[in-house]
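Take a look at the structure below.
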Amino acid sequence: MQWKKEKIIFRCNVSACNDRTGNSSFQIVQRIIPSDPPTYDQIGLTEEFVLKAIPRLGITYVVGETGHGKSTTLASMVRYVYEEDTHIQGNIITLEEPIEFRYDGIKSKHSIIVQSQIPEHFMTFGLAVREAMRRKPALLLVAELRDQESFSAAIELSKTGHPVMSTIHSNDVANVLPRIMDLVPPDQQHRKLTETISTAHAFIAQRLVETPEGKLIGVREHLFFSKSIRNDLLDLAIQAGGYGLVIQYIRKMMNDNPQGTENSSPNFENQAKDLLNKGLISKKGFDALIA
């Protein structure tokens, strides 16, 4: 009999609470951190989509609510970059709170992955992103843009020619820009709006919904910033009431194309009808997509 030694990493959370007798106690929750993130096809992505979503320049935003697999999607993309022969090769840096996946069991012929955890290695995402500018990153993954500091730092890094991937909390593609602008003081919103449009590579929104068998599948809507789309948005942004015009343009693109376009998918509502008719999601999953 042979025994194979395997390294297992746990994330542990200890919380104060009362027990069932009303006395002070604590609760311990342990979660295994997988050594390998899933491959793109394991989470329902195609190679064509992944290649288009990986930025050569600019920022790819993967958005959704907590618990809907944003980090998993990003990790699968990083794995693809690490394993395959793409335009990204070199020092891949991830900034996470906490680290969700390890890459110990994956080999690469051209890159290294260096993972840092907030606040263990850096106090804030903003500080970590600014420090990454001095590390010649081939790709920077920022687990979450949660405040003005981290968002501004990511914008500055992308403007210097470094590809960035990150997450932000938003329900769908149409609400990504409003969510980003919530991070910015009103007197800076016009400048940050044009910077966001100029540096955005893709908005990818994701929801996990129930199948008829009770399992969860990822449903995604997306907008890729082609040159023509970017120019249209920048032209609108400089007009009076530009912010509203930009939001209206994105909403119209997502809502008025039920079959999608070369650079945009059908919105969640249109996908929900198709998936329900094909028996791929349950009524509960349908309701979650049209909410």
Take the residues of region 162-181 that are in a loop (DSSP other than H, G, I, E, B) and closer than 19 Å to Ile113 by Cα: which is farthest from the chain's Cα centre (by Cα)? His162
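Residue by residue, here is whether (1) part of a loop (DSSP other than H, G, I, E, B); (2) crowded, with 22+ Cβ neighbours inside 10 Å; (3) in contact with a helix residue (DSSP H, G or I) (Cβ under 6 Å, 6 or more places away or on another chain); (4) free of Cβ contacts under 8 Å to residues at least 60 places away in the same chain holds:
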residue	(1), (2), (3), (4)
Leu140	no, yes, yes, yes
Glu149	no, no, yes, yes
Ser152	no, no, no, yes
Leu183	yes, no, yes, yes
Asp187	no, no, no, yes
Ser228	no, no, no, yes
Asn231	no, no, no, yes
Asp235	no, no, no, yes
Consider only pairs whose beta carbons are under 9 Å apart and that are at least six residues apart or on different chains; among these, list those whose first residue lies in region 244-263 and is under 15 Å from Ser226 (Cβ atoms) and whose second residue is small (Gly, Ala, Ser) and surrounded by fewer than 15 Cβ atoms within 10 Å (Cβ to Cβ). Glu262/Ser226; Asn263/Ser226; Asn263/Ser228
Would you confirm whether any residue within region 194-205 is touching a residue at least 24 places away in the same chain (Cβ under 8 Å), crowded, with 17+ Cβ neighbours inside 10 Å, closer than 29 Å to Gln89 by Cβ and in contact with a Pro (Cβ under 8 Å, 6 or more places away or on another chain)? yes
Within the bounds of region 87-109, is there any residue that is crowded, with 21+ Cβ neighbours inside 10 Å and either polar (S, T, N, Q) or on the phi > 0 side of the Ramachandran plot (or both)? yes
So in region 26-74, with the set limited to residues that are part of a strand (DSSP E or B) and in contact (Cβ under 8 Å) with a residue 60 or more places away in the chain, which one is farthest from Ser264 (Cα to Cα)? Ile33
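Matching residues to (1) surrounded by fewer than 22 Cβ atoms within 10 Å (Cβ to Cβ); (2) of a type in the set (Asp, Glu); (3) over 30 Å from Lys252 (Cα atoms); (4) at pLDDT 95 or above:
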{"site": "Ser111", "(1), (2), (3), (4)": "yes, no, yes, yes"}
{"site": "Glu120", "(1), (2), (3), (4)": "yes, yes, yes, no"}
{"site": "Arg134", "(1), (2), (3), (4)": "yes, no, yes, no"}
{"site": "Glu144", "(1), (2), (3), (4)": "yes, yes, no, no"}
{"site": "Lys159", "(1), (2), (3), (4)": "yes, no, no, no"}
{"site": "Pro163", "(1), (2), (3), (4)": "no, no, no, yes"}
{"site": "His169", "(1), (2), (3), (4)": "yes, no, no, no"}
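The values are calculated or read from the model by the stated rules, or taken from the named source; none is laboratory data. What you see is a predicted model, and the numbers here were worked out from it, not measured in a lab. Reconstructed Cβ throughout: ideal geometry from the backbone, glycine too, with neighbour counts over all protein chains shown.
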